[in-house]
Every structure is written in C-alpha cells, then in structure tokens.
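The structure under discussion appears below in the form of structure tokens.
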Amino acid sequence: MRGLEAEDRDAGKASQGGAGGLLHLNDLSSRAERGICSVVDLANGEFMATTGLLRSRRSAAQLHAIASVEREIRAIDPAGGRKYLRDFRDAYCSYQKVLDSNSVRREIAKSGIVLVGDYHALPNSQRYLASLLRDFDFHGRPIVLGVETIFSRDQHILDEWLRGEIDEGELRQRIRFELDWGYEWAPFYELLSAARDHGAAIYGLDCMPREDLRKIGARDRHAADKIAELRRRHPDALIIALFGESHLAPQHMPALLQQQLPAEPMLTVLLNVDALYWLAAGEARDHVEAVQVRKDVRENVLCVFNATPLEKYENYRLCLDRWGRNDDDHSAPDLRPTLYNLIDGMVRFLGINQYSAHNTTQPKLLVDLMPEVHSRSSDALLRRLLSRKGFTAEHRRSLLRQVRERGSVYLTPINAVYVREFRMTSSAEDATRFLHQACRGLPNLSNGKAIAQHSATHAAAGTQPLDRDDAFYVAVFEHALAFFGSRILNPARPALRDIDIANLFDVTHEDLENQTSLPFADGVEALDFLIQHRQHEFRSVQAPAFTGHKYEYVAQQLGYLTGTDLYDAYIEGRLTTAALRKLFLTHLEQPGLARAAYVRLRTRLRSGRRA
C-alpha cells in the first residue's frame, strides 16, 4: 500500500503532530469536563465556575466523538510520544488574552517574519493563509511565501509555474506531490494561486529526508538557513513561512531563526492548537477567533481558531484511509465512519441508548436505522439515485443545489447521506437530521415506493395528510434541531440571529440576491415575513403563502434562528440534555402536532425558564 510504505507518512506526522495531539486528549477531556483548566490570571472563583460550565457544555459532544477517532488513529499512528512532538504540545498550554481577527492581522502586518503552523491534513490550515493573501492589505509591502510542502531542490519547477510555463498538472506531477507529500492537493494549490495572484514570491523550504524522524532537526536548520537567505534577498518583504505545527515549538525553528536574525521582528501564528481551543471554549463570547499565547521581548505567539479538534482529526483519519489504499484505488474516501462518528457523538451527548428495543423515552433500535453513506467526487451517482428512486425534477434540482452549496445532503425518503466533499458543518447537520428522523421512527421513509414528491405535506403511513401550517412547522422544527446539532458538534459555526436578518436590508441589491439565492423582490418579501414572525405574537402566525425555493429559504432561516435560540438556552443552562432528547423524540406527523410543538418550544425559549 502506497502510503504505509513511507513509514505511515512519518514526515507528515512529525510536522503536523499526527496522533501527537491526541496523546493528551484524555487528560484534556477530563479537565475540560471538570472545568479546572484555567486561562492565565482568571479573575475569581465565581468566574472560574462559569468558565468550567461553559467549557463543559460547549465541548461535551465533541469530546464524545473525538474518543472514537482517537482510538482509530492511535492504532495506526503511534508516533505521538516522540520528544519532538511533546516539545510543541508542552509549550502551548495557556494563553494571556483573547484577540479578534483584526488584531491578528495588525500583528502580522507589522512583523518581519511570520511562522504559520500547518496541520497538513486540515484544509482550513492552508485556506487560512490563502484567505489572508487574498483579502488583506499588507500596506504595499512585498510578500514572500515559503512552504514546507516543496523541496528547495525543486525551486526551478515552482519558478516555471510562477512564470506560466507549466500548468497545474505538470507542477503537481514534477514536485511528486502524491509521493513526497500525500496530503490534499486542492487547498495547497489554492494557497499557491492566492500567493501568485497577490504577486508574492514563492519558495520551497524543505529538504530530505522526510521519512526519518531522527533527522527532523536537520530539516529545521535547513529551513532556518533558507529563510535567512530569503531575508537577505528580500530585505523589505514580509516573509510568511508555512511549516508543520510541531516545527514551531520555541526550541525548534523559532530558536534557530532568532540565532540567525536576532534583530528581526518575528511572529508565530499557531492554528487550532487543541489545548488552547479547549481553554477558549470557556470564554463567555460566542466564538473565540484567536488568542495571544505569549508576548514579551523574546516571543510573540498567537493562535487562530478556524476549525475544531474534531474537524482536525476527522480530516486526519481521511488521510490515513487514503494512504492505506492500493495505488489503483482512486475512489472517493470512505466517509461512513466519519458520519457514523458524528451521529454517535450526538447520541452520547443526548443520552440515547441506541440498543433500546422500546420506543418510549428512547428511539427503538437506533443501531438498526443507521443511514447508508455514499461518498463520491462527482454528482453522477446522485443523479442516477434520485432518478431511480422517483424524486421529482424540482426536488432533484433542489438536492443537487444543496450538494453544490454544502458538499453533502441527507436524503430523508431513502435514509441516506450523499457526500461529495467533507465539510464539518454540513456533515454535522446531516448527522443531526438523520438522528431526528430516527428518533421519530423514520416517518418519511419511502419503503421502496416511488417518491411522487417528498415534502412535509406527506404524513407518515396511516395518518392524515398535514395542512399547510403543520407542514411548514415540521420543516422549521427539523431545521431548528439540525442547526442546533451542528453547533453542538461544531461550535465554530456562526449563530444566526434576528439582527443578521435585519442587516440584510442594508446590503446591495446584488448582495441580497446572492445571500438569499432569490430574486430581489422575493428576498425582501421573505425577510419581511421572518422579521414579522419573530416579532409577532407567534401563536396566530400562519405559514407563508410561498412556494419553491422561497418557501424553503424561509423555513430554513426560521429554523436556524430557532436553532440558535436552542443552543443559547443550552449553553446558559436553561435546557438540559434530557429536555433536548425529548425534543428529538417529539412526533410531528399527526395533524396539529407540529405547530403546537413549535409554539410550546418558542414559549419555553422566550420565558427564560429552566427545563
């Protein structure tokens, strides 16, 4: 097997940490759950208790899901105990203060050399730097980008690509990307393209041997030498070097660079370090963008968060799956373990017994209801599947649009998840949608019959069809729980609040159409309904007289707003997991039930009472 021949990609693990980040997971998990991790200089005991509760609530489902990934990765990748990796892990365990993204960019702009920590298996690592190059004004300074991915010996190949003499495919083949690196090409090429579009000079910084962890110090010295050389060649430039996170322990590359360039203003930007992430989960704010780890005369270290630990390790597991295949196997990665793990995280979070044979306070034999998972890199299979199963043309177009926009979709009538691209937020939402359906006994399953049209107006077998109001509130309720579950599994997902809807009235005509995917007049009408509904005495509000995508948009946005209310109530301690489990088990299929359930939920959330 190609990947395992190179000692399980020891080079990648040494650079990014691999399972190294997981070795301290059990300790971090228990500390997070007990709430005894502390930010530097916490104010008092009362704040400490609040911090611990927030951290525990935000982290619970993730910790359940990570436990499964940990077992699988540890069995394949035993490299985490190496001292080189421990140096990184032990160096970054606390932070001084919370920062926003603008503060991070100001620190980057005034630095001379910026070392950015790359978790190679996580596309968000490379995309963070790509977005920085695309969107940030560096005050007219020239930019130099150095990357670990490309050997310095292959600089001439990179230069040919920069001059437009060779295309993407030839670059990828000649630098032996799959053989010598083996991670995902698309986000790395996105970074190269962003740098070229910005007019940056790009250099390879790494050298052989990648497969020998005993020589990793030599690679650090080589990289430090190359960066010092770049400074002499580009005296006025901002030099940004993307290297595996473990290389950025203070005694590794940073120390070597300080020896060579003692007067250089240097900044280390870490990305998504586990210990810092779990600490930041105790902050009162909705989402922590970044933290100042250390800042003194010798060091300036930040950590930016654009992914969760669960997302990191699920992506690493996908790499291990790809590396373990034969050379002739070019199929899409197997995403069933990932989806099942997300489902299991929610199951454990809600206290559901998936082996229960009684459908009362538990779903009946949830373990037998798990969805089929289709992993494909194109939509051809999905088109055939939808056509064969009798989905209408309109519904097929809607589902294909969702896959393009989200990367995946849960197909309720056939209890299957179709994944073209793993995206944490979308997959977490799909996993929760399945769980909500399964908790109700899969009421919308077609059971092999042709699907004339799947919509909430079709009630479960043996029940009366739902009226327009009930059908609408079934959809809203489903969207609400799906959004809630996605934030439980991926707290980095932004909330959707009433102010976000109101602010859409201030955007341009074109932006409103882009953000709603509706013609301008329909978008305005949809927003009017949402605002009036949220401000109105909602017991008397009827379903909107909309159709098609306009109807879908309003139901989804109203559900997402309610999902945010649910998440806030849970974080504040007003909703227990027992109460949340009851919501998942609430049957909505009988006439009158869905609207009544929505009214009860809104009343409870508005009251502020604990449930």
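Calculate, for Ala596 and His358, the FRET efficiency according to 1/(1 + (r/R0)^6) with r their C-beta to C-beta distance and R0 35 Å; round to the nearest 0.05. The partial results should precede the final answer.
Values: r = 25 Å, r/R0 = 0.71.
It comes out at approximately 0.90.
In this label model, Val524 and Thr50 are separated by 4.3 nm, measuring between points 7 Å along each Cα→Cβ vector. Each Lys and Arg adds +1 at its Cβ and each Asp and Glu adds -1 at its Cβ; summed about the Cα centre, the chain shows a dipole of about 1580 debye.
Dipole orientation for the stretch 345-426: of the candidates His395, Val417, Met370, His395 has the Cα lying most toward the positive pole (charges on Cβ; Lys, Arg +1; Asp, Glu -1). Relative to the current alpha-carbon distance between Lys582 and Glu170, full extension at 0.36 nm per residue lengthens the span by 142.7 nm.
Any idea what the dipole of the stretch 471-611 comes to, in debye rounded to 20, about its Cα centre with Lys/Arg Cβ at +1 and Asp/Glu Cβ at -1? Numbers along the way, then the final one.
Details: 16 positive and 16 negative charges, 235 e Å.
With only Lys, Arg, Asp and Glu charged at Cβ, the dipole is about 1120 debye.
Backbone N atoms of the stretch 472-510 closer than 17 Å to the 7 Å Cα→Cβ label point of Ala545 belong to residues 472.
At R0 = 25 Å, how high is the FRET efficiency between Gln402 and Asp328 if r is their beta carbon distance? Nearest 0.05 is fine.
That gives a FRET efficiency of 0.20.
Counting only alpha carbon atoms, the long axis of helix 336-350 and the longest principal axis of the chain meet at about 60°.
When Ser101, Ser387 are compared by accessible surface with a 1.4 Å probe, the order from highest to lowest is Ser387, Ser101. Compared with the direct C-alpha span, the chain from Glu513 to His139 gains 131.4 nm at full extension, assuming 0.36 nm per residue. Can you work out the FRET efficiency for the pair Ala393 and Asp368, with r the C-beta to C-beta distance and R0 = 35 Å, to the nearest 0.05? With a Förster radius of 35 Å, E is 0.60.
Roughly how big is the stretch 121-240's charge dipole about its Cα centre, with Cβ charges of +1 (Lys, Arg) and -1 (Asp, Glu), in debye to the nearest 20?
Values: 18 positive and 22 negative charges, 100 e Å.
It comes to approximately 480 debye.
Per residue, the average separation of C-alpha pairs within less than 8 Å and at least 6 apart gives the chain a relative contact order of 15 percent.
Counting only DSSP beta bridges with both residues in the chain, tell me the antiparallel percent, nearest 5. Let's see the in-between values first.
Details: 12 of 40 bridges.
Taking every DSSP beta bridge within the chain, about 30 percent pair in antiparallel fashion.
Pulled fully out, how much extra length does the chain show between Arg232 and Met208, if you take 0.36 nm times their separation in residues and subtract their Cα-Cα distance? Before the final figure, lay out each step's value.
Numbers: separation 24, 0.36 × 24 = 8.64 nm, distance 2.38 nm.
Residue separation times 0.36 nm, minus the Cα-Cα distance, leaves 6.3 nm.
For the full complex of protein chains and a 1.4 angstrom probe, list Tyr418, Tyr128 by accessible area with the highest value first.
Working: Tyr418 0, Tyr128 35 Å².
Final ranking, largest accessible area leading: Tyr128, Tyr418.
The distance between label points at Arg196 and Leu381 comes to 3.2 nm (points 7 Å beyond Cα on the Cα→Cβ vector). With the charge dipole of the stretch 148-290 set up from +1 on Lys and Arg Cβ and -1 on Asp and Glu Cβ about the Cα centre, the Cα lying farthest toward the positive end among the listed residues Gln155, Phe188, Ala224 is that of Ala224. Compare the Cα positions of Ala109, Gly441, Cys319 along the charge dipole of the chain (+1 at Cβ of Lys, Arg; -1 at Cβ of Asp, Glu; about the Cα centre) and return the one farthest towards the positive end. Comparing the listed Cα positions along the dipole, Gly441 ranks first.
Computed over every Cα-Cα pair of the stretch 145-224 and binned at 10 Å starting from 0, the pair-distance distribution P(r) comes out as 17, 53, 26, 4 percent. Simple spin-label estimate for Lys215 and Arg336 gives 4.1 nm between the two label positions (7 Å along the Cα-to-Cβ direction from each Cα).
The values are calculated or read from the model by the stated rules, or taken from the named source; none is laboratory data. Please read these numbers as outputs of a predicted model, since none were measured by experiment. Please note: Cβ atoms are built from the backbone with ideal geometry, for glycine as well, and neighbour counts cover all protein chains shown. Accessible surface is based on the protein model in full, side chains and every heavy atom, while ligands, DNA and RNA are left aside. Shrake-Rupley method; radii C 1.70, N 1.55, O 1.52, S 1.80 Å.
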